[in-house]
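See below for the structure under consideration.
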Amino acid sequence: MSQALATSLNTARARKLLTIGKVLNLLTPEFSDLTPSKLRFLEEQGLITPQRTESGYRKFTEADVERLRIVLELQRDKYLPLKVIRQYLSDLDEGKQPTLPGETQVNAAHVRQIRNRKFSLIDLIAETAISDELISQAQEANLIGQEPFEHADLEIARAIVHLQRFGIAPRHLKGLKAATEREIGIIEGVIAPVLRKNDTGSRSRAAHYAAEIENQFAAIRNELIRSVISKIDQ
């Protein structure tokens, strides 16, 4: 990446990050009880994770603001405890389609808000603090795609940044990528006959089956890893 482009990205990233004051200006017209202390409390509770400057000031991304809007809306309109909201957001982040307490249908607006946003290169850097070198490595390992980036690319980039702290580079995750592609192949094999029926509910049934299979794959994967971790912690 050229020095000029790197400088441009850094400038754009800084411009896209919002101070607490700007976040309050955006959200208080809709949520009048929002205060700096409440924002800090929601951060402490793990609902949002703003970036920090070298001086320790909080900086919020556009995704943080969207997430805050969901949290505040659920508090105001549904009176839900933060523990429930936190789990709801976690399920949305994982690609699930959770329902809210007392409701039987998925809130499609929330799913779209979390999952359907597209991200530019500048957005990806601003949201995750990933370096251009890590982006190149991740793309070479086929872990993230090309611009415009999907929500999945954003979450994978964020995980890659965290894993770097443990000395884990994108090249170490190629086996994980291969295993995931095998799981996808199994899921596609199961839902293909359902999609071929091409009736009114075929796509909905296929999506439900795919999500259920993915959940069971995740359960097996998590238990296999936890069984090893539990032996370490004995």
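Before moving on, here are some points about what is shown:
- Under the shape rule built on the C-alpha gyration tensor, where the axes satisfy a ≥ b ≥ c, the chain is oblate, since a/c reaches at least 1.5 while a/b does not exceed b/c.
- Projected label points at Ala159 and Glu43, each 7 Å from Cα along the beta carbon direction, are separated by 2.6 nanometres.
- Taking a Cβ cut-off of under 15 Å around Glu133, the surrounding Lys, Arg, Asp and Glu residues balance to a net charge of -1, with basic ones at +1 and acidic ones at -1.
- Between His208 and Ser55, the simple spin-label model (points 7 angstrom out along Cα→Cβ) gives 5.5 nm.
- Neighbour-count ranking [beta-carbon atoms within 10 angstrom, fewest first] of Asp233, Asp91: Asp233, Asp91
- Segment 174-234: translational diffusion in µm²/s, Stokes-Einstein, Kirkwood Rh over Cα pairs, 4 °C, 1.567 mPa s: 97 µm²/s
- Cα centroid separation, segment 184-225 to segment 70-145: 21 Å.
- Label-reachable residues, segment 108-137, where backbone N falls under 12 Å from a point 7 Å from Thr180's Cα toward its Cβ: none
- Residue order, fewest to most beta carbons within 10 Å, for Arg58, Arg158: Arg158, Arg58
- Pairs from the table (Lys96/Lys174; Lys96/Lys118; Lys22/Lys118; Lys78/Lys197; Lys22/Lys96; Lys22/Lys177) lying more than 29 angstrom apart at Cα are Lys78/Lys197; Lys22/Lys96; Lys22/Lys177.
- Asp93, Asp153 arranged by Cβ crowding within 10 Å, fewest neighbours leading: Asp93, Asp153
- CD proxy at 222 nm, helix term only [per DSSP H run n ≥ 4: -39500 (n - 2.57); per residue of the chain; nearest 500]: -21000 deg cm²/dmol
- Proximal aspartates and glutamates to Lys231, defined as alpha-carbon separation beneath 19 angstrom and excluding residues fewer than eight positions away on the same chain: Glu223
Throughout, read-outs are computed from the coordinates displayed, never taken from laboratory work. Every value quoted in this text rests on a predicted model; they were computed, and no experiment measured them. All Cβ positions, glycine included, derive from the backbone under ideal geometry; neighbour counts span all protein chains shown.
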